[in-house]
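Working notes, beginning with the structure itself.
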Amino acid sequence: MYTIKDKQIVVFGGSGFLGRVVVNRLARGGAYVTVVSRHPERHRELKVLPRLQLVTGDVRDPACVGRILDGQNAAVNLVGVLGGGGRRLQALHVDWPARLVQSGTGLERLVHVSAIGADPDARSQYLASKGEGEARIRTAGIPWTIIAPSVIFGPGDGLFGRFARLFEMVPGVIPVIKPRARFSPVYVADVAAAIGYSLTRPDLAGERLEVGGPETWTLREIMCYTRRLIGVRRLLLNVPDGLASIQAAWMGLLPGEPFSSDQLRTLGAGSVVTDNALERLGVEPTPVSAVVPYYLGDQRRQVVFNRYRHSHSRDVSITLS
C-alpha cells in the first residue's frame with residue numbers, strides 16, 4: 001500500500017502553470033509539499049496552501065539540490081522551457097534530470113513530466129532534449145514514472161488563452177503557421193491527476209504514460225474556435241512553410257526570441273496522443289468544450305466554470321495497492 005498522505009514531496013517547477021495545479025492537488029491530498037523557486041518572493045500566493053513550503057533553490061547547483069532532496073520521500077520534476085537556444089535546453093532538459101537522478105537516490109518515487117514526441121533523434125532541439133532527459137530518468141535506481149502530455153489547456157494557459165490575447169491585441173489579419181499541425185489538448189487538472197496517481201500506484205513504476213484530451217485538433221481549428229469564443233473578427237491567413245521558415249529565422253534574432261526555427265520544427269511535429277493513459281488511470285479526459293468557453297467567456301460563464309472545476313477536482317489522497 002502507498003499513499004501520499006503525510007509524505008514529503010518536493011516539486012521542481014511548482015510555481016508554473018501546471019505546477020500550481022499539481023501542488024494544490026498534493027497539498028489537499030495530505031502531503032507536505034516543498035516548492036523550489038529561484039525567486040520565491042514572486043510566488044507568495046502559494047503559501048496559503050496547507051502544508052506547503054516555498055524555498056529558494058537553483059536546479060543548476062548540485063549542492064543546493066542535494067540539500068533540498070534530503071528527507072524527501074518523492075519528487076516531481078516539471079522543469080521545462082520551450083526555447084532559449086540549445087544550451088538552455090541542454091541545461092534544463094538533459095543536465096538537470098541527470099543531476100536529479102544522481103542526487104535523489106534516497107527517494108521512494110520520482111515523476112518526470114516530458115512531452116509527446118520526445119525523442120533523442122527528433123529534428124526539433126526541444127523534442128530531442130526532452131528525449132535525452134527521459135533517457136537520464138530511466139537510469140534512476142528508484143521507481144520512476146514519465147508523464148508525456150500533449151499541449152495543456154486551462155485558465156492562464158499558453159494555448160487558447162494566448163491566442164485570445166493575440167486576437168485582442170492585433171487587428172485585421174493573423175498569420176497561421178503550420179495550420180495543419182495536430183494536437184490532443186489535455187486539461188491541466190487531468191495532467192495533475194495523472195501525476196498524483198503516478199505517485200501512489202506502484203504498478204506505474206517504470207512506465208511512460210502519454211496523456212491527452214479526447215479530441216484531435218489542428219492548429220487552425222484551435223485558432224478558429226478561440227476567435228469564435230471571444231467574438232472578434234480576424235482573418236486567419238495560412239502561411240506557406242517556406243515563408244514561415246524565413247519568419248521564424250528572423251524572429252529568432254529578436255530580443256526575447258518570440259519565435260524561432262526550432263519552435264517551428266516543434267510545432268510542425270504536432271502532439272497527438274496514441275495510447276491515452278488517462279483511461280487506464282480511471283480519469284475521464286475532459287473535452288475542450290467543457291472548460292474553455294467558461295474561462296474565455298463573460299462573468300456569468302466564469303461562475304459556471306468555477307462550479308465545474310470544483311465538482312471535477314481530482315483527489316489524489318487515495319491509497320492504492
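The values are calculated or read from the model by the stated rules, or taken from the named source; none is laboratory data. All figures in this text were calculated on a predicted structure; none of them were measured in a lab. Because the Cβ atoms are built from the backbone with ideal geometry, glycine has one as well, and the counts that use them run over all protein chains shown. Accessible surface is based on the protein model in full, side chains and every heavy atom, while ligands, DNA and RNA are left aside. Shrake-Rupley method; radii C 1.70, N 1.55, O 1.52, S 1.80 Å.
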* Of all residues in region 60-71 being open to solvent by 20 Å² or more (accessible area, probe 1.4 Å) and touching a strand residue (DSSP E or B) at 6+ places or on another chain (Cβ under 9 Å), the one that is farthest from Q102 (Cα to Cα) -> G71
* **Odd one out for N77, checked against (1) over 17 Å from I146 (Cα atoms); (2) modelled with pLDDT of 95 or more** => (1)
* Structure fact -> Reported set for region 201-218 where residues are among the acidic types (D, E), surrounded by fewer than 19 Cβ atoms within 10 Å (Cβ to Cβ) and either in contact (Cβ under 8 Å) with a residue 24 or more places away in the chain or assigned to a strand (DSSP E or B) (or both) is E207, E215
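This table checks each residue for (1) in contact with a strand residue (DSSP E or B) (Cβ under 7 Å, 6 or more places away or on another chain); (2) free of Cβ contacts under 8 Å to residues at least 60 places away in the same chain; (3) charged (D, E, K, R); (4) closer than 16 Å to A75 by Cβ.
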{"site": "I9", "(1), (2), (3), (4)": "yes, no, no, yes"}
{"site": "V21", "(1), (2), (3), (4)": "no, no, no, no"}
{"site": "V36", "(1), (2), (3), (4)": "yes, yes, no, yes"}
{"site": "R42", "(1), (2), (3), (4)": "no, yes, yes, no"}
{"site": "E45", "(1), (2), (3), (4)": "no, yes, yes, no"}
{"site": "V48", "(1), (2), (3), (4)": "no, yes, no, no"}
* Asked: From the set of residues in region 76-95 that are over 15 Å from G16 (Cα atoms), in contact with a helix residue (DSSP H, G or I) (Cβ under 7 Å, 6 or more places away or on another chain) and not β-branched (V, I, T), which is surrounded by the fewest Cβ atoms within 10 Å (Cβ to Cβ)?
  -> G86
* **The one condition in (1) touching a residue at least 60 places away in the same chain (Cβ under 8 Å); (2) exposed (fewer than 13 other Cβ atoms within 10 Å of the Cβ) that T56 fails to fulfil** => (1)
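So, in region 25-46, exactly how many residues are touching a Leu at 6+ places or on another chain (Cβ under 7 Å) and closer than 21 Å to V188 by Cα?
Residues in region 25-46 being touching a Leu at 6+ places or on another chain (Cβ under 7 Å) and closer than 21 Å to V188 by Cα: 6 in total.
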* To do: Evaluate the following for F163: is it assigned to a helix (DSSP H, G or I), open to solvent by less than 20 Å² (accessible area, probe 1.4 Å) and in contact (Cβ under 8 Å) with a residue 24 or more places away in the chain?
  => no
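Open to solvent by less than 10 Å² (accessible area, probe 1.4 Å) and in contact with a strand residue (DSSP E or B) (Cβ under 8 Å, 6 or more places away or on another chain): which single residue out of P185, P175 fits that description?
Working: P175 fails: open to solvent by less than 10 Å² (accessible area, probe 1.4 Å).
It is P185.
Residue by residue, here is whether (1) free of Cβ contacts under 8 Å to residues at least 40 places away in the same chain; (2) open to solvent by 50 Å² or more (accessible area, probe 1.4 Å); (3) not in a loop (DSSP other than H, G, I, E, B) holds:
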{"residue": "L110", "(1), (2), (3)": "yes, no, yes"}
{"residue": "G117", "(1), (2), (3)": "no, no, no"}
{"residue": "K130", "(1), (2), (3)": "no, no, yes"}
{"residue": "G133", "(1), (2), (3)": "no, no, yes"}
{"residue": "A194", "(1), (2), (3)": "no, no, yes"}
{"residue": "Y197", "(1), (2), (3)": "no, no, yes"}
* Structure fact -> Q263 fails exactly one of (1) part of a strand (DSSP E or B); (2) under 30 Å from A140 (Cα atoms); (3) open to solvent by 30 Å² or more (accessible area, probe 1.4 Å), namely (1)
* Structure fact -> Selection from region 26-46 of residues closer than 20 Å to R109 by Cα, touching an Asp or Glu at 6+ places or on another chain (Cβ under 8 Å) and surrounded by fewer than 23 Cβ atoms within 10 Å (Cβ to Cβ) yields R28, G29, G30, Y32
* Structure fact -> Within region 219-240, residues under 23 Å from L264 (Cα atoms), outside any loop (DSSP other than H, G, I, E, B), in contact (Cβ under 8 Å) with a residue 12 or more places away in the chain and more than 19 Å from the chain's Cα centre (by Cα) come out as R220, M223, C224, Y225, T226, R227, L235, L236, L237, N238, V239
